[in-house]
Amino acid sequence: MSVAVAVTDSPEGRHALESAVAEAQNLNTGLLLINLTLHDFTEEEIPSGLAVTVINRSGRGDRDPVTAVIDELNAHAEVDRLVLGVRARSRVGKMILGSVAQRLILRSPVPVLTVHMDASVSGRG
Amino acid sequence: MSTGYPRRQSTSAPNAKFDLPHMGSGRPVHRLGVIATVATFGGLLFGYDTGVVNGALEPLSEDFGLSALSEGLVVASLMVGAAFGAVFGGRVADAWGRRKTILLLAGVFILGTLGCVLAPGAEFLIGARFVLGLAVGGASATVPVYLGEIAPSEKRGSFVTRNELMIVGGQLAAFIINAVIFNFFGHVDSIWRWMLLVALVPAVALLVGMVFQPESPRWLISQGRNEEALTVLKQVRSPERAEAEIEEVTHLAAEDAKEATGGLSDLGTRWVLRLVIIGAGLGFFQQLTGINSVMYYGTQLLTSAGLDSGVAIIGNIANGVFSLAGISLGMYLLNKLPRRVMFLTGYALIAFFHTLIALAAVIVPPGPAQAWTVLVFLVLFVFSMQGTVGPLTWLMLSEIFPMKIRSFAMGICVFVLWIMNAIVAQFFPPLIEAMGMTATFGMFAGIAVLAFIFLALMLPETKDKDLAQFEREFKAEYGRR
């Protein structure tokens, strides 16, 4: 049993990471941290106090972050939930780019726990 | 330089982590020199094939009875081919290896040249120029990578610089050869075919020469062919250096693989998108300086300003000389001046000289006096452009992107750059015909002012910052919080 989290380069991503740490500590399990940002996590960025496995995106096979996450979930059978940060998107934004979060929710082999920022913060796009 | 290639600054830079013995002397060094000479024929061809229309176009246009618009298409079809060649050449080089790709490109150079030389009509010529463009774009993406990968770390910069000089040198060579051919054999029918045929010499030299050159050790390692990589390294390094370098090369090959990580979905990250917009803007505005309108149509400009064809084609050589001198100065300045200062000064000078060209065409009465005045301002424009914005654009593109999205982001920017190159090439002759020199260069001056404003507002400073530090600062300022 383990919790996975997909961390994007955004406030939602950081929030998802915090929530996932709390979730994993609650359940007393390890954390599979899938880093979808464009930089490799440094020691300070990796949460301490629990067993964390960090997976960085690397190479053309990981170009699509959704594929990168699904591949990791399939490779780690012990994971039984995925934590994901989501946010409201503008109409224009939806038109131009697909949503990584939406595709992950629809394709994830394990239940997905979505978290968003406080109501006071969300909605600003 | 008119156009260029990804320089891969960060991964090619000497790496402090690897303390390597001296590269050696004698035979390995000699071998490296041969490799560089052969491979930079790719750069020379790039320059010659883009520059040769400057001089060949007039007799060609008479032969086929071209309109201004179709003249543009004959020139621009090569740049459209190059846009695709630049994007896909890198992919082929990753899959097949650098050496095989350069051999293939040499073959395409030969076929494309023969197609142009033997073209029965304008349509065929446009098609053949597109094919030739695929080779030009492919060479722009592959040759510097091959050179950077086979050179020892302490020599990488100078090897890649050599290729840039060969590109501009190739253009200058085309201008000189055209002037000689035209002035001695101008009476011969279809003399332009002979001007284009000259490109066959370096293309054959590239093909034959590359047969005897080794594959890039870095590519071999990326394919897991370490034994072969060591064999190659032993040919171009001292034996002890070759052994020691395997580790460094393995590290660099792994870094290369990371560069292809990011893609379209990463543009959803605001600060990354902003960097890609800045990069695309750099390519867009570099071409809209109109540098290549001079490199492709310099002779025609001087003719229309009032010089005889034979004199104009000689006067045009000055454009090539100042281009080469400018780029030599530019390469030196790159390490001295802050990037923003150099860019903004460059665009200010460009706007200034464009304005002078536009005014000269109004104030000085048409005739040789106007033509010589225009030429003076043209070469000053070419010199200021090649001394600043020309090489700096490429350096900046290699510096601003996070490593994991560099391949994708550079692809976008280089494609934008080549397509803008094609658009300028396509529409310059009809614009000159319809609006005249004053309005056309007035427009270029206006665009240079827009470029100045765009860069003043958007461009970050990268000089003397390592990539990680630059990324942190940029993200803190423009990322979503």
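Can you find a residue that is closer than 30 Å to B:S216 by Cα and under 21 Å from the mean Cα position of the chain (by Cα) anywhere in segment B:64-78? Checking segment B:64-78: at least one residue is closer than 30 Å to B:S216 by Cα and under 21 Å from the mean Cα position of the chain (by Cα).
Being among the small types (G, A, S), part of a helix (DSSP H, G or I), in contact (Cβ under 8 Å) with a residue 24 or more places away in the chain and out of contact with any helix residue (DSSP H, G or I) (no Cβ under 8 Å at 6 or more places or on another chain) is a property that holds for A:A16. Looking only at segment A:90-118, residues that are in contact with a helix residue (DSSP H, G or I) (Cβ under 9 Å, 6 or more places away or on another chain), in a helix (DSSP H, G or I) and either open to solvent by 60 Å² or more (accessible area, probe 1.4 Å) or of a type in the set (D, E, K, R) (or both) come to 3 in all. Looking only at residues in segment B:227-274 that are facing another protein chain (nearest Cβ under 8 Å) and without any contact (Cβ under 8 Å) to a residue 40 or more places away in the chain, the one that is nearest to B:I412 (Cα to Cα) is B:L267. Look at (1) out of contact with any Phe, Trp or Tyr (no Cβ under 7 Å at 6 or more places or on another chain); (2) within 30 Å of B:G51 (Cα to Cα); (3) crowded, with 16+ Cβ neighbours inside 10 Å; (4) not assigned by TED's automatic domain parsing to the domain that holds B:F343 and you find that B:V201 fails only one, number (3). Within segment B:169-196, being surrounded by fewer than 16 Cβ atoms within 10 Å (Cβ to Cβ) and in a helix (DSSP H, G or I) holds for B:V180, B:N183, B:F184, B:F185.
Scanning segment A:82-108 for residues that are in contact (Cβ under 8 Å) with a residue 40 or more places away in the chain and more than 11 Å from the chain's Cα centre (by Cα) returns A:R87, A:R107. Among the residues of segment B:233-265, those that are surrounded by fewer than 20 Cβ atoms within 10 Å (Cβ to Cβ) and farther than 13 Å from B:L20 by Cα comprise B:K234, B:Q235, B:T250, B:H251, B:A254, B:E255, B:A257, B:G263, B:L264, B:S265.
Among the candidates B:M396, B:M443, B:M437, the residue that is away from every other protein chain (no Cβ under 14 Å), modelled with pLDDT under 95 and either open to solvent by 40 Å² or more (accessible area, probe 1.4 Å) or within 17 Å of B:Q286 (Cα to Cα) (or both) is uniquely B:M396.
Of B:L344, B:L329, B:L334, all but one fail to be closer than 23 Å to B:L288 by Cβ and in contact with a Gly (Cβ under 7 Å, 6 or more places away or on another chain); the exception is B:L329.
For segment B:446-470, the candidate set comprises residues that are under 17 Å from B:L395 (Cβ atoms) and within 14 Å of chain A (Cβ to nearest Cβ); within that set, the residue that is modelled with the highest pLDDT is B:F470.
Against the criterion of being more than 20 Å from B:G47 (Cβ to Cβ), among the basic types (K, R) and crowded, with 17+ Cβ neighbours inside 10 Å, B:R99 qualifies. For segment B:280-303, taking the residues that are surrounded by 24 or more Cβ atoms within 10 Å (Cβ to Cβ) and either more than 30 Å from B:A179 (Cα to Cα) or free of Cβ contacts under 8 Å to residues at least 60 places away in the same chain (or both), the one that is farthest from the chain's Cα centre (by Cα) is identified as B:L282.
Of all positions in segment B:68-78, none carries a residue that is open to solvent by less than 30 Å² (accessible area, probe 1.4 Å) and farther than 28 Å from B:I317 by Cα.
Table: residues versus (1) open to solvent by 10 Å² or more (accessible area, probe 1.4 Å); (2) among the aromatic types (F, W, Y); (3) within 22 Å of B:A318 (Cα to Cα).
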site: B:A361; (1), (2), (3): yes, no, yes
site: B:F381; (1), (2), (3): no, yes, yes
site: B:L392; (1), (2), (3): no, no, no
site: B:P402; (1), (2), (3): no, no, no
site: B:F415; (1), (2), (3): yes, yes, no
site: B:F454; (1), (2), (3): yes, yes, no
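Can you confirm whether B:G306 is more than 14 Å from chain A (Cβ to nearest Cβ) and open to solvent by 10 Å² or more (accessible area, probe 1.4 Å)? Criteria met by B:G306. If the condition is being more than 17 Å from A:L104 (Cα to Cα) and either open to solvent by less than 60 Å² (accessible area, probe 1.4 Å) or at pLDDT 95 or above (or both), then segment A:16-36 contributes A:S19, A:V21, A:A22, A:E23, A:A24, A:T29, A:G30, A:L31. Which condition does A:L36 not pass, out of (1) out of contact with any helix residue (DSSP H, G or I) (no Cβ under 6 Å at 6 or more places or on another chain); (2) under 17 Å from A:V5 (Cβ atoms); (3) within 14 Å of another protein chain (Cβ to nearest Cβ), if it passes all the others? Unmet for A:L36, out of (1) out of contact with any helix residue (DSSP H, G or I) (no Cβ under 6 Å at 6 or more places or on another chain); (2) under 17 Å from A:V5 (Cβ atoms); (3) within 14 Å of another protein chain (Cβ to nearest Cβ): (1). Per this entry, B:L457 is not counted among residues that are within 20 Å of B:L78 (Cβ to Cβ) and not assigned by TED's automatic domain parsing to the domain that holds B:G133. Checking each residue in segment A:37-50 for being part of a loop (DSSP other than H, G, I, E, B) and open to solvent by 10 Å² or more (accessible area, probe 1.4 Å) picks out A:L38, A:H39, A:D40, A:F41, A:T42, A:I46, A:P47, A:S48, A:G49, A:L50. With respect to the conditions (1) open to solvent by 20 Å² or more (accessible area, probe 1.4 Å); (2) in contact (Cβ under 8 Å) with a residue 24 or more places away in the chain; (3) assigned to a helix (DSSP H, G or I); (4) away from every other protein chain (no Cβ under 14 Å), B:P366 falls short on a single one, namely (3). Count of segment A:51-89 residues, restricted to those that are away from chain B (no Cβ under 12 Å) and either assigned to a strand (DSSP E or B) or farther than 25 Å from A:M1 by Cβ (or both), is 11.
Residue by residue, here is whether (1) under 20 Å from B:E164 (Cβ atoms); (2) without any contact (Cβ under 8 Å) to a residue 60 or more places away in the chain holds:
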{"residue": "B:V374", "(1), (2)": "no, no"}
{"residue": "B:F377", "(1), (2)": "no, yes"}
{"residue": "B:L380", "(1), (2)": "no, yes"}
{"residue": "B:M385", "(1), (2)": "yes, no"}
{"residue": "B:L392", "(1), (2)": "yes, no"}
{"residue": "B:S398", "(1), (2)": "yes, no"}
{"residue": "B:M403", "(1), (2)": "no, no"}
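The values are calculated or read from the model by the stated rules, or taken from the named source; none is laboratory data. Being a predicted model, the structure only gives us computed values, none of them experimental. Cβ atoms come from the backbone with ideal geometry, glycine included; neighbour counts cover every protein chain shown. The accessibility values were calculated without ligands, DNA or RNA, using every heavy atom of the protein model including side chains. Shrake-Rupley method; radii C 1.70, N 1.55, O 1.52, S 1.80 Å.
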